[in-house]
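As structure tokens, the structure follows; a few thoughts come after it.
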Amino acid sequence: MPTLDDYKGQTPAWCPGCGNFSILKAFKEAFVEMGIEPHQFIIVSGIGQSGKFPHYLKCNTFNGLHGRSLPVATGISLVNHEILIVAEAGDGDCYGEGGNHLINAMRRNINVKRFVHNNQIYGLTKGQASPTSMEGMITKNQPFGVLSEQFNPMAFAIALDCSFAARGYVGDHEHLKGLIKEAVNHKGFSLVDILQPCVTFNKTNTYEWYGQRVYKIESGYNPENRVEAFQKALEWGDRIPIGVIYRNSRPTLEERIPVIKEKPLVKQAIDFTVMKNAVQETLKEYY
Ligand SMILES: Cc1ncc(C[n+]2csc(CCOP(=O)(O)OP(=O)(O)O)c2C)c(N)n1
Ligand code: SF4
């Protein structure tokens, strides 16, 4: 069985009080409790305070360009869909720079677990508005307040029939841990949007602000009812629901590709002469 010490990476350089610490702790505890060894998964990330997440863990990792972790995750999955793939991102990274990739990952239903550290601000670059910043919020770059309407990740996910869409909050540790486990156990693309205060640059959405609004979704709620899920997703204001908002069991992309359906590409013997001959035939005919 893995222990928390097996997961120890570099020392985090986040600000004291940053919500990222709680995500890291919940993540490590969830994985240890599920008995997942560090070599059994890979984390891909982009750029941002959230993008540094895999540096602070012991795991396989690919830390690439801002907003581009999902194409990397897709590539990994096409080559080896038996490994657990986690894609960590900030709200800017996922919903801004990487928005297009999110659309297509949801449509294709790649079997990737997407955890978004949603602090409603661009943290690493010191506090510009992100897609999830609330309309009217004053930032250093938006002295007259944010003019764009706030992006709603949950409503967006349901509109695209995302296989699993949940919202967590770092102030409810056990609940967040449970969501991380559910997302990992779900077959298909899982989006967990995690509300996370940035104590340095977001002076609006503080622990106190969330504490007054966040509530756990009631027990009789059925996340498989898409219309009700949409209504739940639209709640944002005095009350903000956390929990699994929407879920379905669509087939994954990996299950639908005949070549990899039975066995991942990494486990298949490749006969390069077939490829070589095909290239030569094509060149002979057209070049
Ligand atoms: C294509 C591109 N645009 C902009 C940047 C500059 N940049 C680096 S980090 C960052 C903000 C990150 O914010 P977010 O994704 O919300 O993550 P956080 O730091 O808040 O965790 C920006 C704009 C970049 N590196 N690449
Ligand atoms: S700037 Fe914000 S997001 Fe970045 S480490 Fe500090 S508190 Fe966390």
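The values are calculated or read from the model by the stated rules, or taken from the named source; none is laboratory data. Remember, predicted model here, so these are calculated numbers, not experimental data. Please note: Cβ atoms are built from the backbone with ideal geometry, for glycine as well, and neighbour counts cover all protein chains shown. Heavy atoms of the whole protein, side chains included, go into the accessibility calculation; ligands, DNA and RNA do not. Shrake-Rupley method; radii C 1.70, N 1.55, O 1.52, S 1.80 Å.
Worth pointing out:
- Computed lengthening from Phe144 to Ala269, 0.36 nm per intervening residue step minus Cα-Cα distance: 39.0 nm
- Shape class of segment 61-110 from the alpha-carbon gyration tensor: oblate, with a/c at 1.5 or above and b/c at least as large as a/b.
- Accessible surface of the chain, 1.4 Å probe, proportion on carbon and sulfur as whole %: 56 percent
- Solvent-accessible area per residue for the chain (1.4 angstrom probe, square angstrom): 48 Å²
- From helices alone, the chain scores -9500 deg cm²/dmol at 222 nm; the rule is -39500 (n - 2.57) for each run of n ≥ 4 DSSP H residues, then divide by the residue total.
- Packing-based ranking, highest mean first, of 56-64, 19-27, 254-262 given that Cβ atoms within 10 Å are counted: 19-27, 56-64, 254-262
- Cα-based helix-to-principal-axis angle, 272-286 vs the chain, degrees rounded to 10: 80 degrees
- Loop trypsin sites (Lys or Arg not before Pro), segment 76-168 (other Cβ atoms within 10 Å of the site Cβ: 15 or fewer; DSSP): Lys126, Lys140
- Rg over Rh [alpha-carbon atoms, Kirkwood Rh] for the chain: 1.02
- Residues whose amide H lies under 5 Å from that of Phe62, counting only those 5 or more places away or on a different chain, are Ile43, Val44, Ser45; hydrogens are built 1.01 Å from N in the peptide plane.
- Positive-pole candidate from Asn222, Tyr286, Thr200, dipole of the chain, charges at beta carbon: Tyr286
- At most 11 other Cβ within 10 Å, DSSP loop - GluC sites (Glu not before Pro), segment 128-223: Glu135, Glu149, Glu218
- Percent of beta bridges antiparallel (DSSP, the chain, rounded to nearest 5): 15 percent
- Cα centroid separation, segment 186-249 to segment 85-111 (Å): 18 Å
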